[in-house]
Amino acid sequence: MIYELARALVQRIFRDKILMALVVIGVLGLFMGGMSGKQEPPVASKSGGGQPMDRGGDDTRSMTPASLDGQPGAAPAQQPLEPNLATDFVKWWLGGAMDYTTATAVANHEQAFGWMTPEAQRAFQAAFWTPETQQMIASGQLVAAFHLAAVQAEALNPDGSVVVGVTGTLVTDTGGKPTPHQLTADLLVRREQDGLRIAGIYNRVTTVPGVSVY
C-alpha cells in the first residue's frame, strides 16, 4: 500500500514541473544549510620549533615592552641610577681609593680599582696613585691624608648614569712642611650588570698657597 502511494507521488511530481522545481529547491536548501553550519579550522600560530602554540582557550595575552625585552637578542632596558645611591656609593668608594695609610693603602686601592672601569682607573692612577706615590707611601717617605668636605649628585644623564661632585683636601708631607691640595672632582657613576662602577673621573687639584696643616 505504502509502495503504491510513493509510486503515485513520484509520478505526480514528474508530471507537475512546478512541484518538481519546489522539491529540487528544497533539497538544495537543506544541503547548503548543512555546509554553512561547518566552522573553519583556526589558523594555528607557530613557535620557533614549528609546533602550534596553545592559545589556552579564550585567554589572550598582549605583548608588553617588558616581554619584548625578554626576546632572544634583545638588550635589557637600562635602569636609571638613583642619585642618592650614587652618592652613597662614592662615599664608600672614597674610603679605599683615597687611603694613604702605610699599612692599608695598597690593599684598599686594589679593592677600589675593582669598582672602576679600566679608563677611569688609569685616570685615577695618573692623578692620585702613581707607582712613585705607592713606593713613597710604602717606604714612609710620603705621608698623606685626604679630608672629605662634600659629596653630592650634580647631574642625571639620559643614559641613567649620575655625575657626583666631590670636594676635599689632600694633605701631603715629605718630611718638611705639610702641603694642602684642594681637590674638586666630578665622578661618573654608572650601573652595570654586576653592580655600580666609577666610569669617569674629571678632577681639578690645586695647591692652597700660604696654608700649613699640622
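The values are calculated or read from the model by the stated rules, or taken from the named source; none is laboratory data. Everything quoted here is computed from the prediction, not taken from an experiment. Glycine gets a Cβ as well: all are built from the backbone with ideal geometry, and neighbour counts include every protein chain shown.
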| message | Take residue 103 and tell me if it is farther than 18 Å from residue 197 by Cβ, of a type in the set (A, V, I, L, M, F, W, C) and out of contact with any Asp or Glu (no Cβ under 7 Å at 6 or more places or on another chain). | response | yes
From the option list 112, 86, 144, single residue qualifying as farther than 23 Å from residue 162 by Cα, among the small types (Gly, Ala, Ser), at pLDDT 95 or above and surrounded by 18 or more Cβ atoms within 10 Å (Cβ to Cβ) is 144
Checked the range 122-138 for anything part of a helix (DSSP H, G or I) and without any contact (Cβ under 8 Å) to a residue 24 or more places away in the chain; matches are 122, 125, 126, 131, 132, 133, 135
Residues of the range 147-185 being surrounded by fewer than 18 Cβ atoms within 10 Å (Cβ to Cβ), part of a loop (DSSP other than H, G, I, E, B) and not acidic (Asp, Glu), in sequence order, are 157, 158, 160, 174, 175, 176, 177, 178
Here the residues within the range 89-109 that are among the hydrophobic types (A, V, I, L, M, F, W, C), surrounded by 19 or more Cβ atoms within 10 Å (Cβ to Cβ) and either outside the structural domain of residue 201 (by TED's automatic domain parsing) or not in a helix (DSSP H, G or I) (or both) are 98
